[in-house]
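Throughout, read-outs are computed from the coordinates displayed, never taken from laboratory work. Source: prediction; values computed, not measured. Cβ: placed from backbone, ideal geometry, glycine included. Neighbour counts: every protein chain shown.
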Amino acid sequence: MTLEKLRRIDETKIEIPRDYKPGMRVAGIIYVDEVLEKELETQSIDQVANVATLPGIVKTSMAMPDIHTGYGFAIGGVAAFDLKEGIVSPGGVGYDINCGVRLLRSNLMREALLPRLKDLVGILYNEIPSGVGSKGKIRLMPDSEKQLLLKGARWAVEQGYGDASDLERIESGGCIDGADPDLISKKAYERGRAQQGTLGSGNHFLEIQYVDEIYDEKVANALGLFKDQITVMIHTGSRGFGHQVCTDFLEVMERAVSKYNIELPDKELACAPYNSSEAQDYLSAMRAAANYAWANRQCIMHWTREAFLKFLGTTPGELGMSLIYDVAHNVAKIEDHIVNGKKKKLVVHRKGATRAFPPGHPELPDVYKNIGQPVLIPGDMGRASFVLIGTEKAMQETFGSTCHGAGRVMSRHQAIKRAKGRAIWREMEDKGIIVRSAGRGTLAEEMSEAYKDISDVVDVVHNAGISKKIVKLRPIGVIKG
Amino acid sequence: MKKFEVLDISGDAGIKAYGKSIEEAFVNAAIGMYSLITDLNDIKGKNTIEVSIESHSLEGLLVSWLNELIFQFDTYGFIGKKIVIQGIEDKKVVANISGEEFDPERHERKLLIKAATYHRLRVEKVRDVWEIDVIFDI
């Protein structure tokens, strides 16, 4: 196991050869250019190699340029497994099941909003529950929680949060079929009861942004995006509900590992054969958590839209605030992919990676059939976020996947130390960004320097051809937990 | 003897806890974890809850123990300040925790902890002192 064994394939990717460590069934590939390669952590490289040892892995164990060390699987990891010989692993999805991003467009222009921005950020901060110990406005009774787990975003729409037309602009229509509410523990139900419609904390956010740069006029147009237009981005997941599902099933999987005699280089890779009851039960529970997350982002979007309408005293038609798309970046899905020239069903794990399907893909809704799937990549709160589009090359190389964000370079502690004596909110305000945060330390932990530059990350996936840059968005109002 | 220290790790946070007994180390790991969530000086021992956890291994017991406290906090807002563990036997822990309901108006909001993980997990007796390393998903 030596780093000298890593081999650069081309300017956007390096290979971890099969002899990097014993037991690797396939090679590993990390999408990084020479700039980001310098920031690679040895431990995260090892994790990509560890995933390559898992039974039934297809083609390669992959990681995107925002790779950093996770638990078992690296964050930024993509791995697909054969349904006959392969496995399913909760560690390949992560604790925050269906953590994801949604983007809203509007008819508002940046200059028109700027004079009133501070008040609007204050109102949104009050309207959207966020931060440690915050309680949502929704209390789920057991029956309605079950319905929510089965229906996802559709449940939210039925409760009056948003429109039915939103659903086609959500990955998987805002609901993965095959969720089984009976496989959810009492604890997960309890934990999820008061957290629907809450943002959470850490890197989760709600941002008011504007379109700063357009790279592809035609696709931007088709998405309804234009220069200096106001957009809103929401980044959150399945909250305590999903965390509990993951915690519950890691225990189940740990027992499964000895039951099925699976040899693992790392305990956090705990998994079970795809066809086992353990794996099938996890997938059913994971789908319920994914649906919880889609309902969550739907509720938060609805309150955001209401707050804009009320604050600006305008009509829905005039505001034109509608959903562009919603992507999951922590999820495992059954998808069709071409392997050795043959169509095959695989279970694709994306942990900190975004689906990036090309134009014409059968899973895309009619509105995006011709242009491809919008890919939403949030950056840190001070720099930028991006909209990309899925490509055919992603289907060929990465099971239709791309990066998901910036990826940290500094620990929270390091960031807090670096921020000592500085008023991060004022530094942000000087840059024209109004921030509100529930936690005192959050802003220091989340400052720009703590992250890789999102532009570098996005350039790698763009240059590699596994997704294509469409627009750059810049934040002007940020709400953090 | 130091009770615990914060472990610095990219992206997340951990606790290194010590104890003359395994019970004391479990208590200190839990107090260390609570201190990542809020400033414990502001928490009062208004009410007491009892938790009882079993597992198949000592490491598993520690992770389940901390995950139970995370569950109690994330679900009911209960945050502890003082913990008494009767004893750890047969991979079972029974504890009484006194604390109160978290109030974002009065209590500092620090980290939102999703779970205790097996990542770099260590529960070990080094000479006479029990040491615990545990990393949390934030």
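List of remarks:
- Theoretical ellipticity at 222 nm over the protein assembly as shown - DSSP helices of four or more residues, -39500 (n - 2.57) apiece, nearest 500: -9000 deg cm²/dmol
- Among the trypsin sites (Lys or Arg not before Pro) in the range A:1-54, those placed in a DSSP loop whose Cβ has at most 11 other Cβ atoms within 10 Å are A:LYS38.
- Charge sum, other residues only, whose C-beta stays under 10 Å from B:ILE85's C-beta, Lys/Arg counted +1 and Asp/Glu -1: -2
- Counted charge near A:ASP281, where neighbours are those whose Cβ lies closer than 15 Å (Asp, Glu -1; Lys, Arg +1): -3
- Using a cutoff of 8 angstrom between alpha carbon atoms and counting only pairs six or more residues apart, the relative contact order for chain A works out to 22 percent.
- Applying the criteria of a DSSP loop state and at most 10 other Cβ atoms within 10 Å to the GluC sites (Glu not before Pro) of the range A:189-264 yields A:GLU263.
- DSSP finds beta bridges in the protein assembly as shown, and of those with both partners inside it, around 95 percent are antiparallel.
- For A:LYS369, the aspartates and glutamates whose Cα falls under 19 Å of its own Cα, not counting residues fewer than eight places away in the same chain, are A:ASP166, A:GLU168, A:GLU171, A:ASP216, A:GLU217, A:ASP326, A:GLU335, A:ASP336, A:GLU392.
- Dipole of chain A, positive direction: furthest Cα of A:ILE123, A:PHE399, A:ASN370, with charges on the beta-carbon: A:ILE123
- The range A:184-333, relative contact order [Cα under 8 Å, separation at least 6], %: 26 percent
- The range A:89-117 versus the range A:1-43: alpha-carbon centroid distance in Å: 32 Å
- For the range A:201-292, the list of trypsin sites (Lys or Arg not before Pro) that fall in a loop by DSSP and count at most 15 other C-beta atoms within 10 angstrom reads A:LYS227.
- For A:LYS38, the aspartates and glutamates whose Cα comes closer than 13 Å to its Cα, not counting residues fewer than 8 places off in the same chain, are A:ASP66, A:ASP456.
- The range A:3-480: mean projected area of Cα convex hull, nm²: 20.7 nm²
- Neighbours of A:THR231 by Cβ distance under 9 Å: Lys/Arg scored +1, Asp/Glu scored -1, total 0.
- For the range B:4-137, averaging the sequence separation of C-alpha pairs within contact (under 8 Å, six or more residues apart) and dividing by the residue count gives a relative contact order of 32 percent.
- One Cα centroid belongs to the range A:176-200, the other to the range B:31-81; the line between them spans 21 Å.
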